[in-house]
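> Quick one: this structure, given as structure tokens, is what I'll be asking you about.
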Amino acid sequence: MKTITQKLQSMVRDPMLRRKTIITLGIILIFRVFAFLPIPAIDLVQLRSLFAQSQFLSLLDIFSGGTLVNFSVMALGLGPYINASIVLQLLTMIMPQLEALQKEGEYGRFKINQYTRFLTVGITLIQSVGVYVLLKNQNVIGNLNPLEFISFIFTLMAGTFILMWLGELISEFGLGNGISIIIFAGIVGRVPVLFGRTVTTFTQDTFFSVVSFIIIALFVIAAVVYINEAVRRIPIYYAKRIKGNRMYQAANNYLPLKLNQAGVIPIIFAVSFVLFPQILGNVLGALKNPSLTQFGTSLARLFNPSGVFYNIFYFLLVVAFTFFYTIVVFNPEKISEDIQKNGGFIPGIRPGKATKKYLEQIMYKITTFGAIFLGVIAILPAIVSSITGVRELVIGGTGILIVVSVVLETFKAIEAQLVMKNYDKYSM
């Protein structure tokens with residue numbers, strides 16, 4: 001087995017991987033430059049004062065990669081696109097037309113991506129107007145004339161679509177999943193700021209709390225790595241068979257079922273959903289209508305990131321999205337058909353429907369454990385915050401899962417590329 005150092009050396013020597021790495025780093029650099037390109041109409045001093053007083057806005061800023069506190073042209077981040085993707089995937093499960101389109105291969109994926117972009121336009125427009133109303137009521141932005149207002153809205157929309165485009169460029173020409181890499185870069189980019197903020201408030205009384213947080217963070221990283229790498233191996237036996245003029249000997253193999261099939265996607269989906277009620281509550285709470293103001297204030301209070309209801313709702317969302325995404329990516333019926341077509345069977349299980357049912361039972365069992373683990377990791381920052389009192393670092397604790405998962409996925413993509421390169425070399 002190669003060590004990490006040997007893999008990195010192989011990556012540097014491989015021209016294709018070297019090019020993909022340079023492209024990925026270059027796009028991340030462009031993203032970070034845009035993150036510090038503010039919209040002129042914003043009072044940044046007032047905005048940062050507002051963020052310092054709100055734990056919710058600070059959490060939102062971390063997942064936007066610092067684009068929100070600077071109110072850059074990419075202030076909305078990838079939230080609208082992620083929400084649109086969730087809606088399209090849900091519709092695919094309940095609309096036969098979209099389900100049939102998804103099965104049409106490359107063309108179907110192209111059309112669904114196109115529908116996702118169209119829906120993103122609408123969501124981005126609504127969120128842009130909502131953000132403007134929120135900032136205006138907080139005296140962060142002054143009165144804009146119609147032309148300035150339209151320019152403000154279209155700038156935010158353009159920033160989101162530029163970010164989507166950068167993510168797609170990474171997916172096509174770089175390393176790993178572009179959307180995950182962008183979110184990863186944003187979270188990592190905020191770590192020095194959070195660390196510096198914590199150091200400035202560091203006292204002798206908080207020493208034990210900081211040490212406790214570091215120990216818990218290391219434990220969480222180790223647990224995330226372990227869960228991401230854990231698999232349940234289903235043994236598969238292949239009997240001796242004849243195909244054409246060739247005879248294939250009997251063989252034993254196994255089907256690896258990951259404990260966490262969904263990876264980092266449930267956390268990203270859940271964060272996008274759980275933050276929306278807070279945004280809506282803040283917007284409605286600033287209106288002049290007494291009924292809407294009361295409703296908005298109650299909604300914002302109910303979904304306070306340090307509140308019990310918020311964390312319970314967040315936990316349930318993560319669990320639900322883990323099951324949902326696993327159902328989308330894992331198809332027991334197709335797997336059982338492929339095993340049967342190749343003359344294979346699971347010991348003690350009849351081929352066909354019995355195999356499908358068996359795989360479903362196994363998948364639901366291991367997904368239940370994986371979903372609960374992800375849910376606990378998601379709400380762990382609130383628990384640690386109440387125990388240690390270290391709020392500045394714990395706010396970014398929710399991103400530990402995303403950061404570790406993206407690093408693991410990227411290394412797997414690099415390793416797969418290296419393995420493919422070795423196969424090509426021996427096949428020539």
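The values are calculated or read from the model by the stated rules, or taken from the named source; none is laboratory data. What you see is a predicted model; the values in this text were computed from it and never measured. Cβ placement follows ideal geometry from the backbone for every residue including glycine, while neighbour counts extend to all protein chains displayed. Side chains included, ligands, DNA and RNA excluded: accessible areas come from the protein's heavy atoms. Shrake-Rupley method; radii C 1.70, N 1.55, O 1.52, S 1.80 Å.
> For F276, all conditions in the list (1) open to solvent by 20 Å² or more (accessible area, probe 1.4 Å); (2) at pLDDT 75 or above; (3) under 24 Å from the mean Cα position of the chain (by Cα); (4) among the aromatic types (F, W, Y) hold save one; what is the number of the exception?
(2)
> Taking only pairs six or more apart or across chains, which ones have beta-carbon atoms under 6 Å, a first residue in the stretch 292-304 that is in a helix (DSSP H, G or I) and of a type outside the set (D, E, K, R), and a second residue that is modelled with pLDDT of 80 or more and open to solvent by 80 Å² or more (accessible area, probe 1.4 Å)?
Close Cβ pairs satisfying both conditions: L302/F309.
> Something else about it: Being closer than 14 Å to I42 by Cβ and aliphatic (A, V, I, L, M) is the filter; apply it to the stretch 142-157 and report the residue that is surrounded by the fewest Cβ atoms within 10 Å (Cβ to Cβ).
L144
> Same structure, new question: So V131 fits all but one of (1) of a type outside the set (D, E, K, R); (2) under 26 Å from V318 (Cβ atoms); (3) modelled with pLDDT of 80 or more; what number is the exception?
Condition not satisfied by V131: (3).
> One residue is enough: does the stretch 337-346 have a residue meeting the conditions more than 30 Å from F219 (Cα to Cα), of a type in the set (S, T, N, Q), outside any helix (DSSP H, G or I) and in contact (Cβ under 8 Å) with a residue 40 or more places away in the chain?
Yes, some residue in the stretch 337-346 is more than 30 Å from F219 (Cα to Cα), of a type in the set (S, T, N, Q), outside any helix (DSSP H, G or I) and in contact (Cβ under 8 Å) with a residue 40 or more places away in the chain.
> From L76, L91, grab the single residue that is in a loop (DSSP other than H, G, I, E, B), modelled with pLDDT of 80 or more and either open to solvent by 20 Å² or more (accessible area, probe 1.4 Å) or of a type in the set (S, T, Y) (or both).
From the options L76, L91, the qualifying one is L76.
> Follow-up. Can you find even one residue in the stretch 134-141 that is open to solvent by less than 40 Å² (accessible area, probe 1.4 Å), in a helix (DSSP H, G or I) and closer than 23 Å to A185 by Cβ?
No, the stretch 134-141 contains no residue that is open to solvent by less than 40 Å² (accessible area, probe 1.4 Å), in a helix (DSSP H, G or I) and closer than 23 Å to A185 by Cβ.
> Look at the stretch 117-131 and say how many of its residues are of a type in the set (G, A, S) and touching a helix residue (DSSP H, G or I) at 6+ places or on another chain (Cβ under 6 Å).
Within the stretch 117-131, residues that are of a type in the set (G, A, S) and touching a helix residue (DSSP H, G or I) at 6+ places or on another chain (Cβ under 6 Å) number 2.
> What about F219, is it farther than 20 Å from I82 by Cβ, open to solvent by 70 Å² or more (accessible area, probe 1.4 Å) and modelled with pLDDT under 65?
No: the conditions fail for F219.
> Shifting gears a bit: Please go through the stretch 162-182 and pick out each residue that is open to solvent by less than 60 Å² (accessible area, probe 1.4 Å) and of a type outside the set (A, V, I, L, M).
G167, G174, G176, G178, S180
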